[in-house]
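Asks: Shown below is the structure under consideration.
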Amino acid sequence: DAMVIQNPRYQVTQFGKPVTLSCSQTLNHNVMYWYQQKSSQAPKLLFHYYDKDFNNEADTPDNFQSRRPNTSFCFLDIRSPGLGDAAMYLCATRTTGDYNEQFFGPGTRLTVL
Amino acid sequence: AQSVAQPEDQVNVAEGNPLTVKCTYSVSGNPYLFWYVQYPNRGLQFLLKYITGDNLVKGSYGFEAEFNKSQTSFHLKKPSALVSDSALYFCAALRGSTGRRALTFGSGTRLQVQP
């Protein structure tokens with residue numbers, strides 16, 4: 001089945017130790033999103049890619065970076081995780097059409113010790 | 001600025017009864033509205049959307065939503081609730097220009113269906 005896959009599902013890191021979360025998709029969608037979600041709050045958009053065109057949200061901290069080496073894969077790098085970065089990180093994709101729905105992966109829950 | 005409001009943190013309903021989860025929006029231009037559901041430790045799942053056309057939109061799992069322009073609302077409804085409908089529900093509005101479309105989410109409403 002076509003899907004959005006996130007690895008790992010659970011990630012534990014230490015304060016200040018860089019961590020990378022990965023997202024892959026078999027849907028061949030042009031657009032990919034990264035969200036941060038804390039404690040059942042609304043997902044907060046960090047950035048998104050329209051093909052290779054990178055769009056950063058104005059309030060996304062510099063500590064968060066992203067890479068999209070090809071259509072199928074997208075990575076979220078947290079350069080120096082703080083305790084406040086503990087959250088669920090969600091990846092989503094959609095096709096090019098502006099009004100199409102997003103397909104979400106299951107998320108990666110990040111714990112910072 | 002665009003915003004989406006979900007005035008109820010939690011909605012409780014008995015199984016078999018109708019349910020409504022409320023959403024109001026404030027957008028510039030035409031509203032494009034979505035509902036998503038989230039089960040514990042899972043990503044969001046798309047339920048339905050309003051882009052244009054009929055004000056009553058039908059979606060997955062028996063859910064529907066009514067778009068009301070005069071009241072700027074997009075309430076989610078289901079005629080008969082199931083215990084398995086218990087989850088977190090998010091209303092969202094589309095923002096941005098072509099090629100930079102993204103969603104603004106409401107704060108979420110937890111639906112609890114009691115047996």
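The values are calculated or read from the model by the stated rules, or taken from the named source; none is laboratory data. All figures in this text were calculated on a predicted structure; none of them were measured in a lab. Don't worry about glycine lacking a Cβ; one is built from the backbone with ideal geometry, like all the others, and counts go over all protein chains shown. Please note that ligands, DNA and RNA were not included when accessible areas were found on the heavy atoms of the full protein model with its side chains. Shrake-Rupley method; radii C 1.70, N 1.55, O 1.52, S 1.80 Å.
Asks: Are any residues in the stretch B:60-104 under 30 Å from A:N55 (Cα atoms), open to solvent by 20 Å² or more (accessible area, probe 1.4 Å) and in contact (Cβ under 8 Å) with a residue 12 or more places away in the chain, and if so, which ones?
Replies: Once the filter is applied, which keeps residues that are under 30 Å from A:N55 (Cα atoms), open to solvent by 20 Å² or more (accessible area, probe 1.4 Å) and in contact (Cβ under 8 Å) with a residue 12 or more places away in the chain, the stretch B:60-104 yields B:T72, B:R95, B:T104.
Asks: I'm trying to understand the selection: among the residues of the stretch B:105-115, which are crowded, with 19+ Cβ neighbours inside 10 Å and either facing chain A (nearest Cβ under 8 Å) or polar (S, T, N, Q) (or both)? Before the answer, list the steps.
Replies: Our first condition is that a residue be crowded, with 19+ Cβ neighbours inside 10 Å; within the stretch B:105-115, this holds for B:105-106, B:108-109, B:111, B:113.
Matches in the stretch B:105-115: B:F105, B:G106, B:G108, B:T109.
Asks: In the stretch B:88-104, what residues are facing chain A (nearest Cβ under 7 Å) and in contact with a Gly (Cβ under 8 Å, 6 or more places away or on another chain)?
Replies: Across the stretch B:88-104, the qualifying residues are B:L88, B:F90, B:A102.
Asks: Please give the number of the condition B:K49 fails out of (1) assigned to a strand (DSSP E or B); (2) charged (D, E, K, R); (3) under 21 Å from B:A1 (Cβ atoms).
Replies: Checking B:K49 against (1) assigned to a strand (DSSP E or B); (2) charged (D, E, K, R); (3) under 21 Å from B:A1 (Cβ atoms), the one that fails is (3).
Asks: Among the residues of the stretch A:86-113, what is the count of those that are surrounded by 20 or more Cβ atoms within 10 Å (Cβ to Cβ) and either among the small types (G, A, S) or over 22 Å from B:L103 (Cβ atoms) (or both)?
Replies: Qualifying residue count, the stretch A:86-113: 4.
Asks: Within the stretch A:13-26, can one find any residue that is within 11 Å of another protein chain (Cβ to nearest Cβ) and hydroxyl-bearing (S, T, Y)?
Replies: No.
Asks: Checking the structure you have, find out if any residue of the stretch A:32-51 is surrounded by fewer than 20 Cβ atoms within 10 Å (Cβ to Cβ) and away from chain B (no Cβ under 14 Å).
Replies: No, the stretch A:32-51 contains no residue that is surrounded by fewer than 20 Cβ atoms within 10 Å (Cβ to Cβ) and away from chain B (no Cβ under 14 Å).
Asks: If you scan the stretch A:74-97, which residues turn out to be assigned to a strand (DSSP E or B), more than 14 Å from chain B (Cβ to nearest Cβ) and not hydrophobic (A, V, I, L, M, F, W, C)?
Replies: Of everything in the stretch A:74-97, just one residue is assigned to a strand (DSSP E or B), more than 14 Å from chain B (Cβ to nearest Cβ) and not hydrophobic (A, V, I, L, M, F, W, C), namely A:D77.
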